[in-house]
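Quick notes on the structure that follows.
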Amino acid sequence: MGKKIIWLLVCCMMALSLVMASCGTAEEDTGKTGGEPVVEGNVGVSGPQYGGVLKTALATDYTGWDPYTTMDIRATHLMFTSNEYLQGDWTKGPNGTGETAWEIGFLGRIDLLTGELAESWEFPDSTTIILHIREGVHYQDKAPVNGRELTAEDAAWSIMMRFNNTGCWHNMAYPPGCGLEPSSATATDRYTVEVKVPAVSQEIMLLEITENGYCNAPEIWIGTGPGEGQGMDVWGKVVGSGPFELTDYVQGSFAKYTRFDNYWEYDPMYPENQWPYLDEFQHLFIPDLSTRLASLRTGKIDFLSQISHDDAMELQRFVGDKMESTKAIAPFARALGMRMDIPDMPEDELMVRQAMNMAVNKQDMIDNYYKGDAVLLGYPYAPTPTYSVYYKPLDEYSEDVQKLFTYDVEGAKQLLADAGYPDGFQTEVLCDATDADELSIIKAYLEDVNITLDLNIVEATNKTARINAREYRMAFNTLGIWAPFEMLTTKYGQVQCTRNTDDPFYKNIQLCVASNILSHPDTYIQCMRDSAEYELASAWAIFAPRPWQYTYWWPWVKDFNGIYWTGWAGVWDWTKSIWADQDLKTSMGY
């Protein structure tokens, strides 16, 4: 048929794979089945067990239920109750070939993805994406879908809903008329979806459609029968095709997921084993950090991620070698972002922003505040194997970038004088209570150059709302950089684009990403590196050090290995893959 199968693009990504410092190889033994691992490197001995309950704790409750009114990644239940079209390849993680530690998603590497709802996909021409939907996938037996089969009609509707509805991520990232969004998605038969896209964005649209959004049944929102059409506005209406069903929820307390017995997917490491293994998985909502840590120490929860250095050392003192742990770079960076769209404000001047960075002794913050557990240059990329193709050392950046990370009070004062502020100025940062300690240190440094930084401390939800509404002069932001190609902090209109300016440079970077991320990975990577240089040189923020964080888990949590993120939107997709050694838990007295 002359079709260009998208699998061939994986070959193009091999160049990217070869330079990844974390890459490894393994041979498959397709003769092994059942309880024996198929891919070398699996840590299992006798194979996973079914049953058991695993729990972890979150600091906050869920922020939304309905993907029609929020981003998929914020509707946390989707990662348990629904499916995407592609997913992170479990066989390439720490339980398989070790090509990735799955510490922060797939970072744009399609060679780390594999099919989920889509068995295969292709580019028959430059403006078309074809998805071949897997047969035999059924929804959970709950109204309004009542266990029916998932079809291409569902996929086509879900794809366009996310681009056409103003409550969704895709509509915000690719607004109508931007020239990158798909024009249509059509089911050409029961298991085939044809998506029409602009040629310039075909490659990024494949990833946006397949790995950054879930598939749900249209009758949940637009149905006309009894129980149809209301959406997932409350937890009791949640239904999908995923490995778990949401069976209980108490606001501010917990969410409980129960195994979906008719789930369609099998473990690629143990091909006769149907996923998921757990009978139940729970999120407990525990705002107090000390309570979360105590819950872990006492076995009331089974694992906990994003633990700071001090808390990890204290935890280690209690548990010794009874627990497993890993150390990884924090999935989020921190920055005191400044508006660059308010005329006559000091922060609108580049020399002022440079001076504010130079006035902060960031290495001293690493040595004392972070106890040495942080990196000086951690944004937009960190010096880890996961980021290796994007990262370059500080000494390879321009002098303008290097001086942002060099403590120089006299140099900062001179820049302020040259900018017309020899006596300094007063400004304000929007923050919440969790930011206060770090900002108090930055505030003290800025006082040495006569800049008074007032901390406007508000509740976290209020802070988010005010950032969204651009009601701030400066804001202390947590920056999501798990998907560099999303350009969350640089594209105008994005929530995390704190500077709030529309820069043509980033539009060109977006076009470069959209047309090269799959077919020309070297060009795409260079675009990302160029963007980092330009962004840092603009000094739109005081870039704080990026800390290391720890994950601890009890040894009865199997095939976990401290992973955090196995795809793009699917932060919790991997829960279908882990299992509980219930005998070991009992023998340890829990």
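So which of 375, 352, 389 is over 29 Å from the mean Cα position of the chain (by Cα) and of a type in the set (A, V, I, L, M, F, W, C)? Full working, then the answer.
On the way: 375 fails: over 29 Å from the mean Cα position of the chain (by Cα); 389 fails: over 29 Å from the mean Cα position of the chain (by Cα).
That would be 352, the only listed residue that is over 29 Å from the mean Cα position of the chain (by Cα) and of a type in the set (A, V, I, L, M, F, W, C).
What is the residue count in the range 225-247 for residues that are of a type in the set (Phe, Trp, Tyr), in contact with a His (Cβ under 8 Å, 6 or more places away or on another chain) and crowded, with 21+ Cβ neighbours inside 10 Å? Break it down into steps so the answer makes sense when it comes.
Within the range 225-247, the subset of a type in the set (Phe, Trp, Tyr) is 235, 244.
Subsequent filtering for residues that are in contact with a His (Cβ under 8 Å, 6 or more places away or on another chain) retains 235.
If we keep only those that are crowded, with 21+ Cβ neighbours inside 10 Å too, we end up with none.
Residues flagged as of a type in the set (Phe, Trp, Tyr), in contact with a His (Cβ under 8 Å, 6 or more places away or on another chain) and crowded, with 21+ Cβ neighbours inside 10 Å within the range 225-247 amount to 0.
Where strands (runs of 3 or more DSSP E) fall entirely within the range 127-235, those with at least 2 residues that are of a type in the set (D, E, K, R), outside the structural domain of residue 486 (by TED's automatic domain parsing) and over 25 Å from residue 261 (Cβ atoms) are at 192-196.
Being touching a helix residue (DSSP H, G or I) at 6+ places or on another chain (Cβ under 8 Å) and surrounded by 19 or more Cβ atoms within 10 Å (Cβ to Cβ) is the filter; apply it to the range 278-296 and report the residue that is farthest from residue 61 (Cα to Cα). Spell out how you get there, then give the answer.
First pass over the range 278-296, keeping only residues touching a helix residue (DSSP H, G or I) at 6+ places or on another chain (Cβ under 8 Å): 278, 281, 284, 286, 289, 293, 296.
Next cut, surrounded by 19 or more Cβ atoms within 10 Å (Cβ to Cβ) only: 278, 281, 286, 293, 296.
Details: 278: 22, 281: 16, 286: 8, 293: 17, 296: 18 Å.
Here the answer is 278.
Restricting the first member to the range 380-398 and to residues that are in contact (Cβ under 8 Å) with a residue 12 or more places away in the chain, and the second to residues that are surrounded by 20 or more Cβ atoms within 10 Å (Cβ to Cβ) and of a type in the set (Asp, Glu), the beta-carbon pairs closer than 8 Å and six or more apart or on different chains are 380/535; 384/103; 386/103. Residue check: residue 344 meets all listed conditions (1) in the same structural domain as residue 406 (by TED's automatic domain parsing); (2) in contact with a strand residue (DSSP E or B) (Cβ under 8 Å, 6 or more places away or on another chain); (3) free of Cβ contacts under 8 Å to residues at least 40 places away in the same chain but one, namely (2).
Picking from residues in the range 484-504 that are surrounded by 15 or more Cβ atoms within 10 Å (Cβ to Cβ) and among the charged types (D, E, K, R), the one that is farthest from residue 526 (Cα to Cα) is 499.
Checking each residue in the range 248-300 for being of a type in the set (D, E, K, R), more than 25 Å from the chain's Cα centre (by Cα) and not assigned by TED's automatic domain parsing to the domain that holds residue 115 picks out 297, 300. Among the residues of the range 128-145, those that are of a type outside the set (Lys, Arg), surrounded by 14 or more Cβ atoms within 10 Å (Cβ to Cβ) and more than 19 Å from residue 211 (Cβ to Cβ) comprise 138, 139, 140, 141, 143, 144, 145. Selection of the range 378-400 for residues being in contact with a Leu (Cβ under 8 Å, 6 or more places away or on another chain), in a loop (DSSP other than H, G, I, E, B), at pLDDT 95 or above and not aromatic (Phe, Trp, Tyr) yields only 393. How many residues are surrounded by 16 or more Cβ atoms within 10 Å (Cβ to Cβ), farther than 15 Å from residue 204 by Cβ and either free of Cβ contacts under 8 Å to residues at least 12 places away in the same chain or out of contact with any Ser or Thr (no Cβ under 7 Å at 6 or more places or on another chain) (or both) when one looks only at the range 115-127? Residues flagged as surrounded by 16 or more Cβ atoms within 10 Å (Cβ to Cβ), farther than 15 Å from residue 204 by Cβ and either free of Cβ contacts under 8 Å to residues at least 12 places away in the same chain or out of contact with any Ser or Thr (no Cβ under 7 Å at 6 or more places or on another chain) (or both) within the range 115-127 amount to 4. Just one of the listed residues (552, 534) is in contact with a Leu (Cβ under 9 Å, 6 or more places away or on another chain) and closer than 30 Å to residue 369 by Cβ, and it is 552. Mind listing just one residue for me: the one in the range 63-93 that is modelled with pLDDT under 90 and part of a helix (DSSP H, G or I) and, of those, surrounded by the most Cβ atoms within 10 Å (Cβ to Cβ)? It comes out as 72.
Hey, among the residues in the range 464-483 that are crowded, with 21+ Cβ neighbours inside 10 Å and at pLDDT 90 or above, which one's nearest to the chain's Cα centre (by Cα)? That would be 476. Taking the range 286-314, which residues are among the hydrophobic types (A, V, I, L, M, F, W, C) and under 11 Å from residue 553 (Cα atoms)? The answer is 296, 301, 303, 304.
For every residue, the table says whether it meets (1) among the polar types (S, T, N, Q); (2) out of contact with any Ser or Thr (no Cβ under 7 Å at 6 or more places or on another chain).
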position: 308; (1), (2): yes, yes
position: 340; (1), (2): no, no
position: 366; (1), (2): no, yes
position: 380; (1), (2): no, yes
position: 402; (1), (2): yes, yes
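Residues that are loosely packed, with under 14 Cβ neighbours inside 10 Å and either of a type in the set (D, E, K, R) or part of a strand (DSSP E or B) (or both) within the range 248-277 comprise 250, 261, 266, 272, listed in sequence order. The set of residues in the range 520-558 that are hydrophobic (A, V, I, L, M, F, W, C), assigned to a helix (DSSP H, G or I) and within 14 Å of residue 378 (Cα to Cα) comprises 532, 536. Here is a check on your reading of the model: is residue 304 outside the structural domain of residue 93 (by TED's automatic domain parsing), part of a strand (DSSP E or B) and in contact with a Leu (Cβ under 7 Å, 6 or more places away or on another chain)? For residue 304, the condition - outside the structural domain of residue 93 (by TED's automatic domain parsing), part of a strand (DSSP E or B) and in contact with a Leu (Cβ under 7 Å, 6 or more places away or on another chain) - is met.
Of the residues making up the range 370-402, those that are more than 30 Å from residue 111 (Cα to Cα) and crowded, with 18+ Cβ neighbours inside 10 Å number 3.
Go through the residues of the range 508-530 one by one and say whether even a single one is modelled with pLDDT of 90 or more, closer than 28 Å to residue 460 by Cβ and surrounded by 21 or more Cβ atoms within 10 Å (Cβ to Cβ). Before you say what the answer is, go through the steps one by one.
Here is the first cut: in the range 508-530, the residues modelled with pLDDT of 90 or more are 508-530.
If we keep only those that are closer than 28 Å to residue 460 by Cβ too, we end up with none.
No, every residue in the range 508-530 fails to be modelled with pLDDT of 90 or more, closer than 28 Å to residue 460 by Cβ and surrounded by 21 or more Cβ atoms within 10 Å (Cβ to Cβ).
Determine, yes or no, whether residue 513 is among the β-branched types (Val, Ile, Thr), within 22 Å of the chain's Cα centre (by Cα) and more than 30 Å from residue 127 (Cβ to Cβ).
On the way: among the β-branched types (Val, Ile, Thr): yes; within 22 Å of the chain's Cα centre (by Cα): yes; more than 30 Å from residue 127 (Cβ to Cβ): no.
For residue 513, the condition - among the β-branched types (Val, Ile, Thr), within 22 Å of the chain's Cα centre (by Cα) and more than 30 Å from residue 127 (Cβ to Cβ) - is not met.
The values are calculated or read from the model by the stated rules, or taken from the named source; none is laboratory data. Note that this is a predicted model, so its numbers are computed, not measured. Here the Cβ is made from the backbone with ideal geometry for all residues, glycine too, and neighbour counts use every protein chain on show.
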